[in-house]
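**Student:** Handing you a structure now.
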Amino acid sequence: MSSSSPTVFAPDWPAIAAVVLGVTAFSVAQGLTYPLISLTLEARGFSPALIGVNALAFAGGLAASTLLLGSLTARWRADRLIVASLIGCSFCLATFAAFDSFAVWFVARFLLGFFASLIFMLGEAWLNAACPDRLRGRVSGIYGAGMCAGFAAGPLAIPLLGSEGGFGFALTAVYLAIVAFATAMLMFSTRTVPEPSSTGDVFRFFRAAPLLVGMVFVFGFADIAAISAMPVYFVKMGHTEAFAAISVTVLALPTAIAQPFIGMALDRLPRERVAMVAVSVAAGSYLLLPSMQSELAILSVFALMGTATFSLYTCALTMLGERYNGTMLVAGSAAFALAYAAGSGAGSGMTGAIMEAGGPKAGPLSVGLILVVFTAALMISRRR
């Protein structure tokens, strides 16, 4: 049986440290390289369409790793796959530094997406396998904080490292190689490892836990809408581009700081209730945004929006470990990766189209209404 009752055991701290270290390191790398690749290609004269095609290669790598997850975990242990993936990411970044060919960059971007997805899917399964239920919320909160802080810190390095000459890519490649070595050293002290999974298990998880999958889909939808569409909304509403850029930092930093506290709440209160409060606050923040006039008030609501939105993912990750074990942990993490990819794709595409059709204010209002609908779905499921 894949559903589990909470078990009591000592936490596998070296495994938890390895996962948090790995995901934070890759989040820094992704936060730096995602905009850096676009800026470098633009400086070399490539069209926005070709830059978009290069970004699609990353998404293709994510999909490929999910489909191959079963055969990979059947052949190799999950902890060794994480170390190999960190090394693979390091080589991909070194490739960006060493070559100028668009075709080579396309292949490197595909492989970067492939290895990144393995780090996240296997890392989250390992985190839950290594953690007793009494600490699961707090550990998920620390994991979420590391991920948020990494994504926020990455872009801040671009002004320091510059977007020319490949120095940023080379330095990040060395950083990931060092983290891979540290993770390998921690592996000598770990007691746990995620069990192999299969592609069939992933689709079985979709049927078994539609609300958890829906939670991650909604998180992806609202998260990418906040990061990509809301800065455009601010400019269209008459704010400066500098204000739009600052809003993304204001979104990320409070979110990272808040996640350990959300984790504490998850360990002390009913977890479904915490998730319902998170999605309700996120919905309220989106619906309130168009009525805000003061820039300070807008940024305050935006910070609350980011915190509540990301808290949905922390809730989903905690509830995954609470309810499932064995092969379904890896399957659940893979299902989460697919749900986030689908949600973020829908969020960026739909919000932009809605703003084009109905004006700037239609963007945040539409996301808020979608979150209200999901809040209602959670309330109905709790009453059953």
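**Student:** Of these, Ser381, Ser300, which one is in a helix (DSSP H, G or I), free of Cβ contacts under 8 Å to residues at least 60 places away in the same chain and over 22 Å from the mean Cα position of the chain (by Cα)?
**Tutor:** On inspection, the qualifying residue turns out to be Ser300.
**Student:** Additional query: Are any residues in region 210-241 touching a Leu at 6+ places or on another chain (Cβ under 8 Å) and closer than 20 Å to Leu329 by Cβ, and if so, which ones?
**Tutor:** Leu211, Leu212, Met215, Val216, Phe219
**Student:** Does Ala283 meet the test of being more than 16 Å from Met147 (Cβ to Cβ), open to solvent by less than 10 Å² (accessible area, probe 1.4 Å) and at pLDDT 90 or above?
**Tutor:** Details: more than 16 Å from Met147 (Cβ to Cβ): yes; open to solvent by less than 10 Å² (accessible area, probe 1.4 Å): yes; at pLDDT 90 or above: yes.
Answer is yes for this residue.
**Student:** Applying the selection to region 195-209, what residues are open to solvent by 60 Å² or more (accessible area, probe 1.4 Å), part of a helix (DSSP H, G or I) and either out of contact with any helix residue (DSSP H, G or I) (no Cβ under 9 Å at 6 or more places or on another chain) or over 21 Å from Gly347 (Cβ atoms) (or both)?
**Tutor:** The answer is Phe203, Arg204, Arg207.
**Student:** With the requirement that a residue be open to solvent by 30 Å² or more (accessible area, probe 1.4 Å) and touching a Ser or Thr at 6+ places or on another chain (Cβ under 9 Å), what does region 266-275 give you?
**Tutor:** Listed by number, the residues that qualify are Asp267, Glu272.
**Student:** A further question follows. Can you name every residue in region 343-365 that is hydroxyl-bearing (Ser, Thr, Tyr) and surrounded by fewer than 19 Cβ atoms within 10 Å (Cβ to Cβ)?
**Tutor:** Hit for region 343-365 is Ser348, nothing else.
**Student:** Output the residue which, of all residues in region 319-342 that are under 30 Å from Val235 (Cβ atoms) and surrounded by fewer than 22 Cβ atoms within 10 Å (Cβ to Cβ), is modelled with the lowest pLDDT.
**Tutor:** Among them, the one singled out is Ala341.
**Student:** What tally of residues in region 25-72 results from selecting those that are touching a helix residue (DSSP H, G or I) at 6+ places or on another chain (Cβ under 6 Å), without any contact (Cβ under 8 Å) to a residue 40 or more places away in the chain and of a type in the set (Ser, Thr, Tyr)?
**Tutor:** Residues in region 25-72 being touching a helix residue (DSSP H, G or I) at 6+ places or on another chain (Cβ under 6 Å), without any contact (Cβ under 8 Å) to a residue 40 or more places away in the chain and of a type in the set (Ser, Thr, Tyr): 1 in total.
The values are calculated or read from the model by the stated rules, or taken from the named source; none is laboratory data. Owing to the predicted nature of the structure, the values given are computational and were not obtained by experimental measurement. So basically every Cβ, Gly included, is an ideal-geometry build from the backbone, and we count neighbours across all protein chains shown. We work out accessible area using only protein heavy atoms, side chains counted, and drop any ligands, DNA or RNA first. Shrake-Rupley method; radii C 1.70, N 1.55, O 1.52, S 1.80 Å.
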